[in-house]
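Working notes, beginning with the structure itself.
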Amino acid sequence: MASTCRRACSSAPAQRACIASCTRRNSSRSCDTEAHWDLIVATDVYIYLPDPGGSFALTLARLAPRGWLGFSIETSAGDGVELLPQTGRYRQAPARVARELTDAGFVNITQESIVLRLESGNPVAGALFVAQRPG
């Protein structure tokens with residue numbers, strides 16, 4: 001049904017509304033388990049996963065050939081993962097995340113260091129990643 005929505009709706013906002021409506025009507029089952037997307041964006045999502053690398057292969061499978069994944073992470077001070085008890089969020093080492101993207105099969109991986117947000121007036125260090133499914 002989601003693929004029907006994409007064919008019927010010409011603009012991105014209309015597609016999102018149509019797919020959201022489809023999902024609400026069919027909440028007990030997926031609208032289209034075979035759907036492939038040109039772009040998947042996940043900002044402030046992976047900060048709640050201790051190991052986001054486990055989801056990269058699943059995400060790659062949902063992308064169309066030459067499709068893109070864009071996401072943000074909070075960056076750790078070291079090479080590993082840090083759990084911040086005061087926020088319940090995980091910080092990741094960008095080099096490790098890049099390796100996990102490569103291991104999952106992504107190509108054309110780019111990363112940019114950014115300030116994600118201010119918390120209590122202090123900058124939260126992060127990184128934006130963009131990676132492509134081979135085509």
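Any read-out appearing in this document is the output of simple, stated calculations on the displayed coordinates, not a laboratory observation. Predicted, not measured: the structure shown is a model, and the values here were computed from it. All Cβ positions, glycine included, derive from the backbone under ideal geometry; neighbour counts span all protein chains shown.
Whole-Hz Karplus ³J(HN,Hα) for the range 130-135, in order, using 6.51 cos²θ - 1.76 cosθ + 1.60 and θ = phi - 60°, x for Gly and Pro?
10, 9, 10, 7, x, x
Order the peptides 64-77, 114-127 from the highest to the lowest mean number of other Cβ atoms within 10 Å of their residues. Walk me through the numbers before you get to the answer.
Numbers: 64-77: 17.6, 114-127: 12.5.
Top of the packing list down: 64-77, 114-127.
Could you derive backbone 3J(HN,Hα) for the range 82-94 from the dihedral phi with the Karplus parameters 6.51, -1.76 and 1.60 (θ = phi - 60°), listing whole Hz in sequence and x where the residue is Gly or Pro?
Karplus-based 3J(HN,Hα) across the range 82-94 equals 10, 9, 8, x, 6, 10, x, 9, 9, 10, 10, 7, x Hz.
From the phi angles alone, apply the Karplus equation (6.51, -1.76, 1.60; θ = phi - 60°) to the range 44-58 and give each ³J(HN,Hα) in whole Hz, x where the residue is Gly or Pro.
Ordered by residue, 3J(HN,Hα) equals 6, 10, 5, 5, 9, 10, x, 9, x, x, x, 8, 5, 5, 5 Hz.
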